[in-house]
Amino acid sequence: MTKKFILLLLFVTPLCSLSIMAGGLMTNTNYHIAFDRMFARGATSEIDAAYSNPAGLAWGHEGWQLSLNFQKPWQNRDIKTTVPNLGINHKYEGKASAPIVPALFASYKKDRWAISTMIGIVGSGGFVKYDEGVPMFTVPITALLAQNGVMPNQHTINAQMKGKQYVYGGQLNFTYKIADCWSAAVGMRANYYDGYYRGHVVSTLNTPPVELVGLHLDCDQRGWGFNPIVSVNYHKDKLTLSARYEFRTKINVPNKTHQLEANTGTPSYLPPAAVMAQFGDKVAAYQDGVKTRYDLPALVVAAIGYEFKPNLRAAAEFHFFDDKNAKMANNRQKELKHGTYEILAGLEWDINEKFTVSCGGQRTDYGLSDNYQTHTSFACDSYSLGFGGAFNINKHLRLNASYFCTLYSDYTKNVPAANPGGYQGTTLAGQDVFSRTNHVIGLGIDYKF
């Protein structure tokens, strides 16, 4: 029974870092295909500046612009767990995915002012599925059942669990050219969180084939948050400098719980009430009406762009996400050593009037610690590489295509037996190696009226 319940908890524990796009722990930064193929877009005056540099639109296209972008990401999240005293040496494979992810940009410029908007998935953005569970639950339950005389070969676990997190955002910016070389922009973004946790876990004796325990969860979470955005831009001759600040977004999400219950068969080791009592601290977060924080952190951006030749441009950029002051479920942000630092660089070359190619890279440092990492929500520092190109179909229409991948550094967490409770409460020593992979392909169309 306990085993079934724990495996369900795998599903219901908040997946605070479900994001499968580029950016911070909860925040995405890749919406336009130009980012995927160059990364450093903080000094641009093209249509994607509606997100990455609103003030830069003062030097953009006169009149209307539209852009529609589609990206397809996919990612693996694996945990290799070793607990020698239990004979455990197993790789738990997790898969995160998302359908086609769209983003829409629009802007209008006239003389010294411009108005622009961007609509996209600004945080998280995907589904996660575990078919075997995670060691956070399976290891202690394996030990507990063995202590109660139920060995691993005497019972079977059936589990199905799904989780979703999306933060949809729409922002509106107003840009004004203050002087010949200076412009500024102010904006506001509305953010809508949409997530759910659904699943069941059943532990059944092999002989006789009776259910020991079952747990069922169906919980929806939805909520709103708003944040202002300010940016400035300096442009003279071949040089562009820009800075942007996004204020923290407070999102406090209430549960709408349709089902959260345990049931047991015969024999049972714990009645349903005892299950809820034993794991009440984890179940409590999913009771109907309970609220969970999913803040998007404040973001500081500084960028520089330089045009070496009319057809050759380069840019560099710095991001700081203030994750330690953005509340997460169970206040996990306090375990971070610092907020997220990112360094980005990119190069773009117009081969001729029709074809443009570009490439870029990004380094991300999350400030991780052992206490921050959990089996249902972990992150790994990374390097990302991207490349792609654009084809000017005519003077109005441009096609963008890109691919980027993220190369993660494995995170190893050793838990000595001397630690309080040892590995996951087993009083034994154990080790986890967290690893991830990420790939994104993209296609988009820009149109200038």
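Some observations on this one:
- Entirely in region 341-440, the strands (runs of 3 or more DSSP E) that have 3 or more residues that are touching a residue at least 40 places away in the same chain (Cβ under 8 Å), among the aliphatic types (A, V, I, L, M) and open to solvent by 20 Å² or more (accessible area, probe 1.4 Å): 397-408
- Those residues of region 158-176 which are among the hydrophobic types (A, V, I, L, M, F, W, C) and either modelled with pLDDT of 95 or more or over 30 Å from Ile115 (Cβ atoms) (or both), in sequence order: Ala159, Met161, Leu172, Phe174
- Single match in Lys324, Lys337 (criterion: part of a loop (DSSP other than H, G, I, E, B) and either without any contact (Cβ under 8 Å) to a residue 60 or more places away in the chain or touching a helix residue (DSSP H, G or I) at 6+ places or on another chain (Cβ under 9 Å) (or both)): Lys337
- Filtered residues of region 307-340 (kept if open to solvent by 80 Å² or more (accessible area, probe 1.4 Å), farther than 30 Å from Leu239 by Cα and either modelled with pLDDT under 95 or touching a Lys or Arg at 6+ places or on another chain (Cβ under 8 Å) (or both)): Asn325, Lys327, Asn330, Lys334
- Matching residues, region 85-119, being within 20 Å of Tyr168 (Cα to Cα), part of a strand (DSSP E or B) and either open to solvent by 40 Å² or more (accessible area, probe 1.4 Å) or touching a residue at least 60 places away in the same chain (Cβ under 8 Å) (or both): Ala96, Ser97, Val101, Pro102, Ala103, Leu104, Phe105, Ser107, Ser116, Thr117, Met118, Ile119
- Every residue from region 167-188 that is surrounded by fewer than 22 Cβ atoms within 10 Å (Cβ to Cβ) and farther than 18 Å from Ser45 by Cβ: Tyr168, Gly170, Leu172, Met188
- Pairing residues of region 219-232 that are without any contact (Cβ under 8 Å) to a residue 40 or more places away in the chain and farther than 30 Å from Ile178 by Cβ with residues that are of a type in the set (Lys, Arg) and surrounded by 14 or more Cβ atoms within 10 Å (Cβ to Cβ), at Cβ distances under 9 Å and at least 6 apart in sequence or on separate chains, gives Asp220/Arg198.
This table checks each residue for (1) aromatic (Phe, Trp, Tyr); (2) within 30 Å of Ala315 (Cα to Cα); (3) touching a His at 6+ places or on another chain (Cβ under 7 Å).
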| site | (1), (2), (3) |
| --- | --- |
| Asp194 | no, no, no |
| Leu205 | no, no, yes |
| Trp224 | yes, no, no |
| Tyr234 | yes, yes, no |
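- Residue identified as more than 30 Å from Ser45 (Cβ to Cβ), open to solvent by less than 70 Å² (accessible area, probe 1.4 Å) and assigned to a strand (DSSP E or B) among Gly163, Gly123: Gly163
- Some residue of region 233-241 being within 21 Å of the chain's Cα centre (by Cα) and under 30 Å from Asn53 (Cβ atoms): no
- Listed conditions (1) without any contact (Cβ under 8 Å) to a residue 40 or more places away in the chain; (2) in a loop (DSSP other than H, G, I, E, B) are all met by Val150, apart from (1).
- Test: residue in region 205-219 that is buried (at least 17 other Cβ atoms within 10 Å of the Cβ), at pLDDT below 95, of a type in the set (A, V, I, L, M) and part of a loop (DSSP other than H, G, I, E, B): no
The values are calculated or read from the model by the stated rules, or taken from the named source; none is laboratory data. All figures in this text were calculated on a predicted structure; none of them were measured in a lab. Here the Cβ is made from the backbone with ideal geometry for all residues, glycine too, and neighbour counts use every protein chain on show. Just the protein is used for accessible areas: all its heavy atoms, side chains included, with ligands, DNA and RNA removed. Shrake-Rupley method; radii C 1.70, N 1.55, O 1.52, S 1.80 Å.
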